[in-house]
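So the structure is just underneath, and the comments pick up after that.
The values are calculated or read from the model by the stated rules, or taken from the named source; none is laboratory data. Predicted model only: the values in this text are computed from it and were never measured. We place every Cβ from the backbone using ideal geometry, glycine too, and count neighbours over all the protein chains shown. Note: areas computed on protein heavy atoms with side chains; ligands, DNA, RNA excluded. Shrake-Rupley method; radii C 1.70, N 1.55, O 1.52, S 1.80 Å.
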Amino acid sequence: MPEGDSVFRLAARLRRSLDGRTLSRGDLRVAAHATTPLDGMRVAEHVTHGKHLLTRFDGGLTLHTHLLMQGSWTVTAPGRALPRKLLPDARVILAVHDGPTAYGLDLPVVDLLDTRAEGDAVGHLGPDPLRDDWSADEAVRRLRRSPGERVAAALLDQRNVAGFGNLWANELCFLRGVHPDTVMADVDVPALVALGARCLRFSATQPGAHQVTTGNTRRGEQHWVAGRAGRPCLRCGTVVRVRAEVPNDPGRRRTWWCPRCQPPPG
């Protein structure tokens, strides 16, 4: 699943292609908005909050999209089109005059709302390290609200901090030397928040650094524990373990850890 840094990078790409330009075609291929034309609207800006993408138009409308597990965006150059076989998957088509076209493919969330009502879509989210209104103190406060909750679960709860997905939850636990099952009461929460914010910003903004937590961009060595089940820990050599998450979890999230670098609670 794309995480906050992935969506931040996506917004930057769409910003370069669409912001400040007028749509020659704006199609929303979902039942709720299929008859709502966006042609002629000017794209004002793209902003993100956690994993949510907000495309704002002049006139007070916002397109709210979310990738969840399967969604993606692609941008074609002026004069080029999406391959015909992929067109049925296009839920959003935004084309600008004499410019590129952005296609939102297989997007599970496509909603059009008044810009003043964006809070209905993202108001429940916690602070986002990639936003100008980021508050580390508020993130710490929210994470401390449930002292008995597992640290991995608390990081994944977007109401606490927006933007951390399963990769970051696992990697941050390793980097802080805590087992994912450690309860929040036993975690140095300010240090965890500071590290998480720094990592997410670096991943979102630095070329070649996207979700590389080890500093090594070689395939299979980009992460400390995530995706490394049965392989030796890159720090101590102990075999990395994995456990299936909550049964029937639609995200199919797993938990990885190094038994030596992250001793279990107690």
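Computed from Cα atoms, the angle from the helix 4-18 axis to the main principal axis of the chain rounds to 20 degrees.
If you sort Asp19, Asp111, Asp186 by accessible surface, 1.4 Å probe, largest first, the order is Asp186, Asp111, Asp19.
Take every Cα pair under 8 Å whose residues are at least 6 apart in sequence, average their separation, divide by the length of the chain, and the relative contact order is 16 percent. Over the chain, with a Gaussian network built from C-alpha contacts below 10 Å, which listed residue (Ala244, Ala197, Ala121) shows the highest mean-square fluctuation? Per the Cα network of the chain with a 10 Å cutoff, Ala244 tops the list. Solvent-accessible area per residue in the chain equals 48 Å², computed with a 1.4 angstrom probe and all protein chains kept. With contacts taken as Cα pairs under 8 Å at a separation of at least 6 residues, segment 2-57 carries a relative contact order of 39 percent. Report, to the nearest whole %, how much of the accessible area of segment 1-109 belongs to carbon and sulfur atoms, 1.4 Å probe, protein only. Roughly 50 percent of what the probe reaches on segment 1-109 is carbon or sulfur.
Within 10 Å, count the other beta carbons around each residue, average over each peptide in 232-238, 57-63, and list them highest first. Show your work: numbers first, answer last.
Values: 232-238: 13.7, 57-63: 16.6.
Descending mean neighbour count gives 57-63, 232-238.
Taking the longest Cα principal axis of the chain as reference, the axis of helix 166-176 is set at about 40 degrees.
Over all directions, average the projected area of the Cα convex hull of the chain and note it in nm².
Values: hull surface 61.5 nm².
Across all orientations, the chain yields a mean hull projection of 15.4 nm².
Largest GNM mean-square fluctuation across Arg150, Arg241, Arg218, computed for the chain with C-alpha springs under 10 Å, falls on Arg218.
Nearest 10 degrees, 0 to 90: what angle lies between the long axis of helix 189-205 and the longest principal axis of the chain (Cα atoms)? Approximately 40 degrees, to the nearest ten.
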